[in-house]
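Notes follow once the structure below has been shown.
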Amino acid sequence: MQINHSSVNQVIAALAETMKKGTSFGAPCLLENTLDIEMVRFVNSGTECMGVLRLAHAFTDKERIIKFEGCYHGHADLFLVKVGSGVATLGLPDSPGVPKGATYDTLTAPFNDISAVEYLFETNKGEIAPMILEPVVGNSGFIAPKPEFLNAIRKITKEIGALLIFEKVIIRNTLA
């Protein structure tokens, strides 16, 4: 329909009909197009998203987490470990003011390294609450997952009973 001054009544009628169906709709296709994701929650920032950690700790009654080197998940002390490229991934203090005790239960693995993930789960049996990652690393440059990586870590977390959290703020769930 071409809209101009003579089509005002048509536009108003079309809007009125659409408004009867509602004004706010979710994203019905999001979960249909992803593998094995049970819940999606949209929030305003990565830092706000990290409230999920408190839920993961409460739900599992476990303290330790696994994150991946180079992934940034907001300004929560627990996550300010190996968050960027260069010197920030060398095991040096990543951010002044973060107490050592705040990151004691944060374990890190190199992105795309399935054997490192298996090792962390094996050496920390029954202690991992969630594993959190960016499905595509955006903080250290664009690092895509190897074809088998995401499915492999999902399989591992399912077998062990650990939660798996995909967090993506910078490039979200869609890539061009």
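Each value in this text was obtained by applying a stated rule to the coordinates, not by laboratory testing. Everything numeric here is computed off the predicted structure, so don't read it as measured data. Every residue, glycine among them, receives a Cβ derived from its backbone with ideal geometry; neighbour counts consider all protein chains shown.
FRET efficiency for K146 and E122, Cβ-Cβ distance as r, R0 = 25 Å, nearest 0.05?
Plugging the Cβ-Cβ distance into 1/(1 + (r/R0)^6) gives 0.75.
So how do H73, H57 line up by other beta-carbon neighbours within 10 Å, fewest first?
With the sparsest Cβ surroundings first, the list reads H57, H73.
Most exposed first by the Cβ proxy, i.e. fewest other Cβ within 10 Å, how do I143, I66, I3 rank?
Lowest to highest Cβ neighbour count: I3, I143, I66.
Sorted from fewest to most neighbouring beta carbons within 10 Å, what does the list D61, D113 look like?
D61, D113
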